[in-house]
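J.: Below are the structure tokens for one structure; questions will follow.
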Protein chains: 2
Amino acid sequence: MIITIGREFGSGGRELGRRLSENLGFAYYDKEIITGIAERTNLSEEYVHQIVEHKPLISYPIHIGRSFYPVQDPIMKQNQEIYSEQHKIIKEMAEKSDCIIVGRCADYILKDMNPFKIFVYADMPSKIERCRKKAPENEKLSDKEMAQEIKKIDKHRAKYYSFYTDLEWGARINYDLMINTSGKDIRKIASFLTSIIKEKI
Amino acid sequence: MIITIGREFGSGGRELGRRLSENLGFAYYDKEIITGIAERTNLSEEYVHQIVEHKPLISYPIHIGRSFYPVQDPIMKQNQEIYSEQHKIIKEMAEKSDCIIVGRCADYILKDMNPFKIFVYADMPSKIERCRKKAPENEKLSDKEMAQEIKKIDKHRAKYYSFYTDLEWGARINYDLMINTSGKDIRKIASFLTSIIKEKI
């Protein structure tokens, strides 16, 4: 059984993934993916993390492969390799055992394995609150600035997802269950999801 | 506790509402709303049903109230009265006891009572299958024709919702939980929702 979790930034998707994996005894892949890519590409984990999490599109232009321009930038090539390794690693991990994967277009990459696809979202005040708790070092940011940052990250995620999958990120038809975490306790959500998944609804 | 269920046509929202009400012992309002409107407006239930379910927009133009044109069409006036009564009846019912209301912009009408807002959807093959089971008299329609009918009804629902609420029908932020019923047994979904609602997640 594979569970994928798409999520708006600050909506608690990563916490949900971790808690679900504890409840269900499933593998939870997150940093392991970065480590795996780094090992296989001989790049540093920091660099891989930076590419995968923070600038998927800048470093991975949309029209690659459709262009006749024969010379390829070495940085671009390296970044493509990172994505290609990520794709392979996610497949390998999913084939190994029951697991939970947050983000990374895993729902699409693993579509042939029929994963249970969750999407987690929340209203802006809840996301700001969650971000403040998780990263108190950003306390100098005003709520408005923080909201802008959150929107920017989600805009990237949406673009990355739609580039990779040709589907709309967060559009209901691409998921089995969509959960609004606004003002909710992720532990409680994890606990009811655990029962759903155990009963194989 | 108020539960509202928005739904794509053919996704099983009405069945879910009925089953949830049985499980939870909550009132379930559906035809009662039509009957109530008919009584108060002295119109036939058939007529009210026709207006409320089948042509909300044709009979209720968007720009009414914003126009300086002073003469009002009597049919238009009557239809406005129907909507206004529906609004009142939904509020009265929700104030009376715990209840479940399917459709009718109830999530918006009752927003001050903080309802638990569910949206139910499915892929087209599942919706067609469900419609065939529910209305075998439409067996002469091809799958393509049926899909067109389903899309048409949902387009109406979306327009009606957005006219009434200024919000986007089916957009995740307007709901607490969105459930894809494709290939799923509504009884099972009702049963897990029952536990969620009982535990007040």
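J.: Taking segment B:96-135, which residues are within 11 Å of another protein chain (Cβ to nearest Cβ), over 15 Å from B:Ile186 (Cα atoms) and part of a loop (DSSP other than H, G, I, E, B)?
T.: The one that is within 11 Å of another protein chain (Cβ to nearest Cβ), over 15 Å from B:Ile186 (Cα atoms) and part of a loop (DSSP other than H, G, I, E, B): B:Asn114.
J.: Let me ask something additional. Going through segment B:183-196 one residue at a time, which ones are touching a residue at least 40 places away in the same chain (Cβ under 8 Å) and either more than 9 Å from every other protein chain (Cβ to nearest Cβ) or β-branched (Val, Ile, Thr) (or both)?
T.: Once the filter is applied, which keeps residues that are touching a residue at least 40 places away in the same chain (Cβ under 8 Å) and either more than 9 Å from every other protein chain (Cβ to nearest Cβ) or β-branched (Val, Ile, Thr) (or both), segment B:183-196 yields B:Gly183, B:Ile186, B:Arg187, B:Ile189, B:Ala190, B:Leu193, B:Thr194.
J.: Which residue pairs have Cβ atoms under 6 Å apart, sit 6 or more places apart or on different chains, and have a first residue in segment B:1-25 that is open to solvent by 30 Å² or more (accessible area, probe 1.4 Å) and a second that is in a loop (DSSP other than H, G, I, E, B)?
T.: Short answer, once both residue conditions are applied: B:Met1/B:Asp98.
J.: Under the condition of being part of a helix (DSSP H, G or I) and surrounded by 15 or more Cβ atoms within 10 Å (Cβ to Cβ), which residue from segment B:164-182 is farthest from the other protein chains (Cβ to nearest Cβ)?
T.: Taking the candidates together, the pick is B:Tyr164.
J.: Given the criterion over 14 Å from B:Glu8 (Cβ atoms) and not hydrophobic (A, V, I, L, M, F, W, C), identify the matching residue among B:Lys200, B:Lys155.
T.: B:Lys200
J.: List every residue pair whose Cβ atoms sit under 6 Å apart, with the two residues 6 or more apart in sequence or on different chains, where the first one lies in segment A:95-120 and is over 18 Å from A:Ile197 (Cβ atoms) and the second, anywhere, is at pLDDT below 95.
T.: Short answer, once both residue conditions are applied: A:Cys105/A:Tyr161; A:Cys105/A:Tyr164; A:Cys105/A:Thr165; A:Tyr108/A:Thr165; A:Ile109/A:His87; A:Ile109/A:Ile90.
J.: Could you pull out the residue among A:Glu149, A:Glu199, A:Glu139 that is in contact with a Lys or Arg (Cβ under 9 Å, 6 or more places away or on another chain), of a type in the set (Asp, Glu) and more than 10 Å from chain B (Cβ to nearest Cβ)?
T.: Only one candidate passes the filter, namely A:Glu139.
J.: Across segment B:124-152, what is the number of residues that are under 15 Å from B:Gly12 (Cα atoms), of a type outside the set (Asp, Glu) and surrounded by 15 or more Cβ atoms within 10 Å (Cβ to Cβ)?
T.: 8
The values are calculated or read from the model by the stated rules, or taken from the named source; none is laboratory data. Remember, predicted model here, so these are calculated numbers, not experimental data. As a convention, Cβ positions derive from the backbone with ideal geometry for all residues, glycine included, and neighbour counts pool all protein chains shown. Remember, those area values only see protein heavy atoms, side chains included, never the ligands or the DNA or RNA. Shrake-Rupley method; radii C 1.70, N 1.55, O 1.52, S 1.80 Å.
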